[in-house]
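The values are calculated or read from the model by the stated rules, or taken from the named source; none is laboratory data. This is a predicted model, so every value here is computed, not measured. Here the Cβ positions follow ideal geometry from the backbone for every residue, glycine too, while neighbour counts run over all protein chains shown.
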Amino acid sequence: MSKNFSLLRICSLLSMMMMMTVLAHAQNPKDFPRAAELEPAIKFWTRIYTEVDTDSGFIHDSVNLAIVYKRVDYDRPQIELQRKRISEDLQILASGKRTALSGHQQQILEVFPAGVSNAVLAEAANNVRFQLGQSDRFVGGLIRSGAYRQHIDRVTTERNLPAELGALPHVESSFHPGAYSHAAAAGMWQFMKTTGQRFMRIDHIVDERMDPYTSTNAAMSLLEYNYSVLGSWPLALTAYNHGVGGISRAVRETGSDRIEDIIANYKGRNFGFAGRNFYPQFLAVIDVEKQAQALFGILQLDSHPEYEEFEMEAYVEARMLASVLGITVEQLKFDNPAIRPIVWEGGKRIPRGYTVKVQRKSLSQGLASLMAAIPVLELHTVQTPDLAYVVQRGDSLSGIASRFKTSVAQLMSLNQLRDAHRLQIGQNLLLPHDNPTAAASSTIASVPSAIRPETAAVAPAAQGRPAAYEVRRGDTVSTIAQRFSIAESELLQINSIADPHKIYPGQRLALRGDNQPTLQTVAFTAIADNAVRAERMDEPIDAVAIEPLIDVVASSEQAGRELAADPSDYGVRLSDNSIEIQATETLGHYADWLGVNSADIRRWNNLNARRPVVVGNRLILNFSSRNVQEFELKRRQYHIAQQEDFFRNYRIQELDQYTIAANDNISTLARQKYSVPLWLLRQYNPDMDFSTLKIGQKVVFPVLESVQAEGQS
């Protein structure tokens, strides 16, 4: 049985919980309602996909998409001049002027219904926007879709999902499997790393977002999950863009689960033009795809390739495998887009457990028989060791790149970094293997993984490691060790801990077993050009992160995208400055994110020192020392880091629906029966009050697959 087939089962996120529910919805016209309020937006996007290409576009009203002022060529300076001119003339019209109009002013007025009010025109003056055309991209995507729609249709059929979901890549990537967005989404289905890690392997060796077949299964798992939480496909689709947590909040704040009401009335800070238009765009591409022949003529779609597949039973060099198969490395690379560049460059081997795909027409005989011809000495039991550099005080990514004769771009790609200006002391940076400077440097950390000729030295990571760490709720010995690049056994030995499961919040763990003095403190203050100025401080601390000035709004939007599959509300309710307490959060976290003491938060909420905070309750906060968006950003970044750490070691395999019995304890079930953290359990049961469970109640438990044994190095 091929691994690709197994993934259909592994990634079937809600197969047990949703089979009957989704079956009733498959191919149901009510799945994708088209309220009259949405028709102007649907027509606008239909025009974008059919009338204008990427050399032109429309200047239009960003709220009322029935208002299109003019078609213009794609010339940024000219677009801005035209946009400004339209806005100025709208302001003149909003003053009440209706006579002695210029020709341009008359044209603008005629776009609006007769008798339009001055207030409408005044508002329109602030909503003038340009939208680039997409007709050529749509045609290109339609042609590419021929290679993938057969697989997508098979997945939706097997899962009893609406077939229309297969059109979503038209909106996301124009069916381009190698697409990358400015927001760091990748692949045909445009997964963020944090979301994709739930269902796929994503690291510096394999990124399954780039495999259009594997990522299709993951996309359907995410859409199923969104549907299970939100209850309708319009909301589930919008959550694919805005996040299930964001749409859950939109439903609460508008008091409606109708997408047209949310589009019209939800004023969430990050719910912008893209979020409001995601569902109308989806409906538009369905319409255009159905009329493609009438609109674009007869197109020759790409053919669906026929693959031979084989699960690797050992680690093998890419060039060796290509040679044995009788194909070029380029062909092997084309057929296996999930494999990262470090493998093709020779720095890593194709990993054991990975399912290699090769087009059948490229092979002289069956793939299995060809694989059997690989020489025994080329079948490695371990992965090639990592070459890594431990970030020191004063380092910058450009300086490290210069030192090891590589580029910032290559370091960012290899380490999957989002921001070249955010490094942390003690952080391990992977280096290219084809770099003689790196291979010879004494500051290189090679991860020991070889058994036969391969050897490696242990990294001097402790040099930049803090002296101690205070355990927080949700921490484990494993996650702490991983965070500070220390072996679990060493961490246990340093702290004389016999049982790795017996650590507790507030416990202070030593991270260095030697007598190395604490690093002298340097506070880094970011200035406009992202240079860093060092100022000595009187009070020493253990570690310093280099934090340049950031755009809090943009970073919050990015964080929201990375938490797309998390239904938790990490926002602040502005009416009373309160937050909902989420799993793993403590008063210490809130105090840290606010820059206050825990005692302050207890005082604001009349909590005595012995009263614990309860997940699901609300806390009142004071934002006099830090603004709301900074707090929300720090909060989201904490949960992103937590989830990335977790899904680096686990993937969601399937779901189990458990019936609560007498004497059951939800924490015990989660910890001992399913080994699921409570924060993840809450995500799959977002409306459930775990403190009032009843006998016979159904709880959905995600069943996890450990990927630690894979050896991600």
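From the list Ala543, Ala591, Ala565, Ala534, which one is buried (at least 16 other Cβ atoms within 10 Å of the Cβ), modelled with pLDDT under 90 and more than 23 Å from the chain's Cα centre (by Cα)?
Ala543
Could you list all residues from segment 130-139 that are surrounded by fewer than 16 Cβ atoms within 10 Å (Cβ to Cβ) and out of contact with any strand residue (DSSP E or B) (no Cβ under 6 Å at 6 or more places or on another chain)?
Asp136
Find the residue count for segment 286-338, including only residues that are within 19 Å of Tyr148 (Cα to Cα) and touching a Lys or Arg at 6+ places or on another chain (Cβ under 7 Å).
Residues meeting the conditions: 7.
Residues in segment 315-336: is at least one assigned to a loop (DSSP other than H, G, I, E, B), buried (at least 20 other Cβ atoms within 10 Å of the Cβ) and not hydrophobic (A, V, I, L, M, F, W, C)?
Yes; the residues of segment 315-336 include at least one that is assigned to a loop (DSSP other than H, G, I, E, B), buried (at least 20 other Cβ atoms within 10 Å of the Cβ) and not hydrophobic (A, V, I, L, M, F, W, C).
Regarding Gln300, is this residue in contact (Cβ under 8 Å) with a residue 60 or more places away in the chain and either of a type outside the set (Val, Ile, Thr) or out of contact with any Ser or Thr (no Cβ under 8 Å at 6 or more places or on another chain) (or both)?
For Gln300, the condition - in contact (Cβ under 8 Å) with a residue 60 or more places away in the chain and either of a type outside the set (Val, Ile, Thr) or out of contact with any Ser or Thr (no Cβ under 8 Å at 6 or more places or on another chain) (or both) - is met.
Go through Ser215, Ser256, Ser221, Ser232 for me and flag whichever is in contact with a strand residue (DSSP E or B) (Cβ under 9 Å, 6 or more places away or on another chain) and at pLDDT 95 or above.
Unique residue meeting the criteria: Ser215.
Please specify each residue of segment 650-702 satisfying the condition of being assigned to a strand (DSSP E or B), basic (Lys, Arg) and closer than 20 Å to Ala564 by Cα.
Matches in segment 650-702: Arg651 only.
Just to check your reading of the model, which residue among Ser667, Ser675, Ser691, Ser625 is surrounded by fewer than 18 Cβ atoms within 10 Å (Cβ to Cβ), within 30 Å of Ile205 (Cα to Cα) and of a type in the set (Ser, Thr, Tyr)?
Residue meeting the stated conditions: Ser675.
Can you tell me which residue is surrounded by the most Cβ atoms within 10 Å (Cβ to Cβ) among those in segment 239-255 that are at negative phi and more than 15 Å from the chain's Cα centre (by Cα)?
Among those that are at negative phi and more than 15 Å from the chain's Cα centre (by Cα), it is Ile247.
Just one of the numbered conditions (1) surrounded by 14 or more Cβ atoms within 10 Å (Cβ to Cβ); (2) in contact with a helix residue (DSSP H, G or I) (Cβ under 7 Å, 6 or more places away or on another chain) is not true of Ser398; which one?
Single failed check for Ser398: (1).
Output the residue which, of all residues in segment 176-225 that are touching a Cys at 6+ places or on another chain (Cβ under 6 Å) and of a type outside the set (Ser, Thr, Tyr), is farthest from Gly141 (Cα to Cα).
It comes out as Phe199.
Regarding Arg154, is this residue closer than 20 Å to Ala338 by Cβ and in a helix (DSSP H, G or I)?
Taking the combined requirement at face value, the residue satisfies it.
Table: residues versus (1) among the hydrophobic types (A, V, I, L, M, F, W, C); (2) assigned to a loop (DSSP other than H, G, I, E, B); (3) surrounded by fewer than 15 Cβ atoms within 10 Å (Cβ to Cβ); (4) free of Cβ contacts under 8 Å to residues at least 40 places away in the same chain.
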{"position": "Ala41", "(1), (2), (3), (4)": "yes, no, no, no"}
{"position": "Thr46", "(1), (2), (3), (4)": "no, no, no, no"}
{"position": "Lys70", "(1), (2), (3), (4)": "no, no, yes, yes"}
{"position": "Ile79", "(1), (2), (3), (4)": "yes, no, no, no"}
{"position": "Leu109", "(1), (2), (3), (4)": "yes, no, no, yes"}
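Quick check on segment 141-149. Is at least one of its residues of a type in the set (S, T, N, Q), in a helix (DSSP H, G or I), over 30 Å from Thr216 (Cβ atoms) and at pLDDT 95 or above?
no
Just to be sure I understand, how many residues within segment 256-268 are surrounded by fewer than 24 Cβ atoms within 10 Å (Cβ to Cβ) and more than 14 Å from Tyr570 (Cβ to Cβ)?
Final tally of qualifying residues: 9.
In this structure, does Phe271 turn out to be in contact with a Ser or Thr (Cβ under 7 Å, 6 or more places away or on another chain) and not in a helix (DSSP H, G or I)?
no
Please enumerate the residues belonging to segment 94-105 that are farther than 13 Å from Lys70 by Cα and in a helix (DSSP H, G or I).
Ala94, Gly103
Are any of the residues in segment 603-621 more than 30 Å from the chain's Cα centre (by Cα), among the aliphatic types (A, V, I, L, M), modelled with pLDDT under 85 and assigned to a loop (DSSP other than H, G, I, E, B)?
Yes.
Condition (residue is surrounded by 14 or more Cβ atoms within 10 Å (Cβ to Cβ), outside any loop (DSSP other than H, G, I, E, B), touching a Leu at 6+ places or on another chain (Cβ under 7 Å) and modelled with pLDDT of 95 or more) applied to segment 15-27: is it met by at least one residue?
Among the residues of segment 15-27, not one is surrounded by 14 or more Cβ atoms within 10 Å (Cβ to Cβ), outside any loop (DSSP other than H, G, I, E, B), touching a Leu at 6+ places or on another chain (Cβ under 7 Å) and modelled with pLDDT of 95 or more, which makes the answer no.
Would it be correct to say that Arg618 is surrounded by 14 or more Cβ atoms within 10 Å (Cβ to Cβ), among the charged types (D, E, K, R) and within 26 Å of Met688 (Cα to Cα)?
Taking the combined requirement at face value, the residue does not satisfy it.
Search segment 575-586 for residues that are closer than 16 Å to Thr476 by Cα and pair each with any residue that is of a type in the set (Asp, Glu) and at pLDDT below 90 when their beta-carbon atoms are under 9 Å apart and the residues are at least 6 apart or on different chains.
Filtered contacts from segment 575-586: Thr584/Asp475.
Has segment 701-713 got at least one residue that is under 30 Å from Arg349 (Cα atoms) and touching a Gly at 6+ places or on another chain (Cβ under 7 Å)?
yes
So which residues in segment 174-188 are surrounded by 18 or more Cβ atoms within 10 Å (Cβ to Cβ) and of a type in the set (S, T, N, Q)?
Selection gives Ser174 alone.
For segment 257-285, give me the residue count where each residue is aromatic (Phe, Trp, Tyr) and in contact (Cβ under 8 Å) with a residue 60 or more places away in the chain.
4
Give the residue that is farthest from Ile263 (Cα to Cα), with candidates limited to residues of segment 210-238 that are small (Gly, Ala, Ser) and surrounded by fewer than 23 Cβ atoms within 10 Å (Cβ to Cβ).
Ser228
Within segment 196-209, is there a residue that is in a helix (DSSP H, G or I) and either among the β-branched types (Val, Ile, Thr) or surrounded by fewer than 24 Cβ atoms within 10 Å (Cβ to Cβ) (or both)?
No, segment 196-209 has no match at all.
Please specify each residue of segment 395-409 satisfying the condition of being of a type outside the set (Val, Ile, Thr) and modelled with pLDDT of 85 or more.
Asp395, Ser396, Leu397, Ser398, Gly399, Ala401, Ser402, Arg403, Phe404, Lys405, Ser407
Please go through segment 38-88 and pick out each residue that is under 22 Å from Leu101 (Cα atoms) and in contact with a helix residue (DSSP H, G or I) (Cβ under 9 Å, 6 or more places away or on another chain).
Within segment 38-88, Ile59, His60, Asp61, Ile67, Val68, Tyr69, Lys70, Arg85, Ile86, Ser87 meet the criteria.
So which of Gln190, Gln134, Gln150, Gln105 is touching a helix residue (DSSP H, G or I) at 6+ places or on another chain (Cβ under 8 Å) and touching a residue at least 40 places away in the same chain (Cβ under 8 Å)?
Checking each option against the conditions leaves just Gln134.
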